[in-house]
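The values are calculated or read from the model by the stated rules, or taken from the named source; none is laboratory data. The shown structure was predicted, so the numbers you read here are calculated from the model rather than taken from an experiment. Backbone-built Cβ (ideal geometry, glycine too); neighbour counts: all protein chains shown. Only protein heavy atoms, including side chains, enter the accessible area calculation; ligands, DNA and RNA are left aside. Shrake-Rupley method; radii C 1.70, N 1.55, O 1.52, S 1.80 Å.
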Amino acid sequence: MTSVLQRRQYLIYSFIGLFSWLITVGCAPGVPLGVSGSAQSNDPVTITVSAATSLQDALDAITPQFAKAYPNITVDYNFASSGALQRQIEQGAPADVFLSAASNQMDELLEKELILYESRRDLVANRLVLIAPMASTLTMTDVAQLKSVRVDHVAVGEFRSVPAGYYANQVFQALNLLDTFQSKFVFGNNVRSVLAAVESGNVDLGVVYASDAVLSNQVKVLATVPKDLHQPIVYPVSVINTSPHPESAQAFIDFLTTDLAQTMFEEFGFNSI
């Protein structure tokens, strides 16, 4: 069985080989279809992208393609939970682009006039799944079975700062199980720490995004959470209004909306909007 690292490397290298020709045959030299050339210049620029942790693997795969289209723009990533990134931006941390795993954090930054409203758009969507360690004997097929299952520990993201936890909270509320499971929750400070807790076997169950579960060969998906149990899971993206390189930041966002990038997101378990 291949390791998670080997799977990630395989996906990244496969995408580079599969899609690089699309840029050559389908676009003007170096510029993907639908991407403005305003950021094309000879001056090297580095932009900082603050992005939700759940996007890390997909963005790592997409970045080489962006670099081919915009060789003058270097992307530095700052991955963390969306709530932590929001606080960093509010406190003045340097950032050019914010990519959140939920609308709430982006809405709050908009209210404080910290993002460029006209640059904001919903990039991709996701689903919540209930996972267990690969060796688990649990046979659940529906999240409603949480009402009768016997477990000691359930890993979830922190309800206030981690969007995956925020959505999980809504699910347990909708099932009238929040009080029942309160003493069983093991909270993670981002969705990947929730995944790691399940992989280690230290918890019986976990609630993560489908895009996280697809990366691991140490967990199994027991059930996909029905959409009507939580708010829609969308990933908004925007340029930060203090960005010293707004055109380059916008070029990066535009690239993420191309068919090339969207196809790569889908391969990593995300859904198109």
Review point. What spacing in nm lies between the two simple spin-label points modelled at Lys147 and Arg160, each 7 Å away from Cα in the Cβ direction?
Key: 3.1
Review point. Given the C-alpha centroids of segment 208-273 and segment 107-160, what is the distance between them in whole angstrom?
Key: 13
Review point. Using a 1.4 Å probe on the protein chains only, how many percent of the accessible area of segment 101-200 belongs to carbon and sulfur?
Key: 45
**Study point:** In nm, spacing of pseudo-spin labels at Ser272 and Asn241 (7 Å Cα→C-beta vector)
**Key:** 3.3
Point to revise | Ratio of the Cα radius of gyration of segment 79-198 to 2.2 N^0.38 Å, where N counts its residues | key: 1.22
Review point. So who's got an amide H within less than 5 Å of the one on Asn126, skipping anything under 5 residues away but keeping other chains? H placed 1.01 Å off N, in plane.
Key: Ile233, Asn271
Check your understanding: How high is the FRET efficiency from Lys227 to Asp179, r the C-beta distance, R0 22 Å, rounded to 0.05?
Key -> 0.40
Practice item. Return one whole number: the accessible area per residue of segment 175-264 in Å², for a 1.4 Å probe. Key: 38
